[in-house]
Amino acid sequence: MTEGITFGEAIDLARLHGPPQIMALVEWARSVREKEGTHVDLCSIVNARSGGCSEDCAFCAQSGHHDTGVERYSMMSPEEILRHARAAEEAGAHHFCIVTSGKALSEDDFETVLKAVRLIKEKTRLERCASLGLLTPERAMALQEAGLERFNHNLEAARSHFSSIVHTHAYDDRVTTVEAVKGAGIEACTGGILNVGETDRQRVELAFELKALDPDSVPINFLNPRPGTRLEHLSPMDPWDAVKWLAIFRLVMPDTIIRLAGGRVENLGVLQEQAFDAGVNGLLIGNYLTTIGPSPEEDMALLQRLGLDASRPS
């Protein structure tokens, strides 16, 4: 693992302001990313079980603690999940992630996911991923044996800010799940969400807490304030600040996939191209959990304009 910048250096970079200063940072981050080549890792998701979550994450439209009007439905069948996977493969995704609302799955729903993972392995060329809430070592091993290759479980925020946005489980519960995933030989996809009321220092703390877990992929989400949630009053991040933070995360974790994920349109706007210059080499394509994303065709055209490689790894 390449060392990356120090905590103190990241704090200093957080003070940069305005396009001229941030563009100099972007150039640095781009030079680091280019050492890893031009390939961009593409992931697509399906919201396989929606709404009614018992957790109270302040930003989440699927929380049962919020009145957001989000669609609620029970677990999709393995065949329906496979249908979504095939559509993702056709759109150009490399990875396909089965996402479910809730703290953890029931035994029946967990068995459904295992069947879906096996089907996707058998019927597609996709890498298999899931995001199923908290996970025990036993369940992690069962997923690995079914053919799961990557598991998404975000820290969401730095330890020092976590209790301000989640009250129904602890930060260490999330760390324990990531450790269970890695212990089963599954890749960890572990990131967070920016602009949830945290300070600049807490963003740097999150970057280094993520680095300590040595994830394979770090999805960076930006808050898209949803009506009815506790954070509906917040405004999207300034686009240049969003670019700055992507560059800082890249410099903290030079060898890791930094994945541009939820809220990118609302927060980056016309600066999405600069996000890739800032070191992004992973992208969530297609729709998100409860909101609509750019079409895969738009994203592929963007990557082609930037001279980036979106081909499926052989």
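The values are calculated or read from the model by the stated rules, or taken from the named source; none is laboratory data. Here the structure is a predicted model, which is why all the values come from computation and not from measurement. Here the Cβ is made from the backbone with ideal geometry for all residues, glycine too, and neighbour counts use every protein chain on show.
For the range 204-217, indicate whether the set of residues that are touching a Cys at 6+ places or on another chain (Cβ under 8 Å), closer than 13 Å to Val252 by Cα and buried (at least 21 other Cβ atoms within 10 Å of the Cβ) is non-empty.
Of the residues in the range 204-217, the ones touching a Cys at 6+ places or on another chain (Cβ under 8 Å) are 215-217.
If we keep only those that are closer than 13 Å to Val252 by Cα as well, we get 215.
Now drop any that are not buried (at least 21 other Cβ atoms within 10 Å of the Cβ), which leaves 215.
Yes: one or more hits.
Select, from Glu34, Glu80, Glu27, Glu55, the only residue that is under 28 Å from Lys121 (Cα atoms) and surrounded by fewer than 21 Cβ atoms within 10 Å (Cβ to Cβ).
Step by step, each of Glu34, Glu80, Glu27, Glu55 is checked, and only Glu80 is under 28 Å from Lys121 (Cα atoms) and surrounded by fewer than 21 Cβ atoms within 10 Å (Cβ to Cβ).
Here are some residues: Gly279, Gly263. Which one is on the phi > 0 side of the Ramachandran plot, under 15 Å from the mean Cα position of the chain (by Cα) and surrounded by 22 or more Cβ atoms within 10 Å (Cβ to Cβ)?
Gly263
Assess whether Glu89 counts as being more than 19 Å from Val218 (Cα to Cα), without any contact (Cβ under 8 Å) to a residue 60 or more places away in the chain, surrounded by fewer than 16 Cβ atoms within 10 Å (Cβ to Cβ) and over 17 Å from the mean Cα position of the chain (by Cα).
no
Among the listed residues Glu297, Glu232, identify the single one that is out of contact with any Leu (no Cβ under 8 Å at 6 or more places or on another chain), farther than 22 Å from Val196 by Cα and acidic (Asp, Glu).
Exactly one of Glu297, Glu232 is out of contact with any Leu (no Cβ under 8 Å at 6 or more places or on another chain), farther than 22 Å from Val196 by Cα and acidic (Asp, Glu), namely Glu297.
When both residues are 6+ apart or on different chains and their Cβ atoms are under 6 Å apart, which pairs have a first residue that lies in the range 261-280 and is under 18 Å from Asn154 (Cβ atoms), and a second that is of a type in the set (A, V, I, L, M) and in a helix (DSSP H, G or I)?
Filtered contacts from the range 261-280: Asn267/Ala242; Val280/Leu246.
Quick check on the range 76-86. Is at least one of its residues over 15 Å from Arg139 (Cα atoms), in contact (Cβ under 8 Å) with a residue 40 or more places away in the chain, in contact with a Cys (Cβ under 6 Å, 6 or more places away or on another chain) and not aliphatic (A, V, I, L, M)?
no
Determine which member of the set Arg203, Arg139, Arg174, Arg128 is under 19 Å from Ser54 (Cβ atoms), within 16 Å of the chain's Cα centre (by Cα) and not hydroxyl-bearing (Ser, Thr, Tyr).
Among Arg203, Arg139, Arg174, Arg128, only Arg174 is under 19 Å from Ser54 (Cβ atoms), within 16 Å of the chain's Cα centre (by Cα) and not hydroxyl-bearing (Ser, Thr, Tyr).
What is the one condition in (1) at pLDDT below 95; (2) touching a Phe, Trp or Tyr at 6+ places or on another chain (Cβ under 7 Å); (3) not polar (S, T, N, Q) that Lys103 does not satisfy?
(2)
Just to verify a result, which residue in the range 156-203, among those that are charged (D, E, K, R) and within 30 Å of Ala142 (Cα to Cα), is surrounded by the fewest Cβ atoms within 10 Å (Cβ to Cβ)? Write out each step before concluding.
Restricting attention to the range 156-203, the residues satisfying the condition of being charged (D, E, K, R) are 156, 159, 172-174, 179, 182, 187, 198, 200-201, 203.
Adding the requirement that they be within 30 Å of Ala142 (Cα to Cα) leaves 156, 159, 172-174, 179, 182, 187.
Numbers: Glu156: 22, Arg159: 16, Asp172: 10, Asp173: 15, Arg174: 21, Glu179: 15, Lys182: 18, Glu187: 19.
This residue is Asp172.
Given the conditions (1) in contact with an Asp or Glu (Cβ under 7 Å, 6 or more places away or on another chain); (2) closer than 26 Å to Val204 by Cα; (3) among the aliphatic types (A, V, I, L, M), and given that Met75 satisfies all but one, which numbered condition is not satisfied?
It is condition (2) that Met75 fails.
Looking only at residues in the range 227-237 that are free of Cβ contacts under 8 Å to residues at least 60 places away in the same chain and within 20 Å of the chain's Cα centre (by Cα), which one is farthest from Thr68 (Cα to Cα)?
Of all residues in the range 227-237, those free of Cβ contacts under 8 Å to residues at least 60 places away in the same chain come to 232-237.
In the following step, the residues that additionally are within 20 Å of the chain's Cα centre (by Cα) were identified as 236-237.
Numbers: Pro236: 18, Met237: 22 Å.
Applying the filter and picking the extreme gives Met237.
Test Arg312 against the criterion of being in contact with an Asp or Glu (Cβ under 8 Å, 6 or more places away or on another chain) and either outside any helix (DSSP H, G or I) or exposed (fewer than 15 other Cβ atoms within 10 Å of the Cβ) (or both), and give yes or no.
Answer is no for this residue.
Just wondering, is there one or more residues in the range 231-242 that are within 22 Å of Pro215 (Cβ to Cβ), surrounded by 22 or more Cβ atoms within 10 Å (Cβ to Cβ) and in contact with an Asp or Glu (Cβ under 9 Å, 6 or more places away or on another chain)?
The answer is no; no qualifying residue exists.
Would you pick out the residues in the range 92-118 that are surrounded by 20 or more Cβ atoms within 10 Å (Cβ to Cβ) and over 19 Å from the mean Cα position of the chain (by Cα)?
Within the range 92-118, Leu105, Thr112, Val113, Ala116, Val117 meet the criteria.
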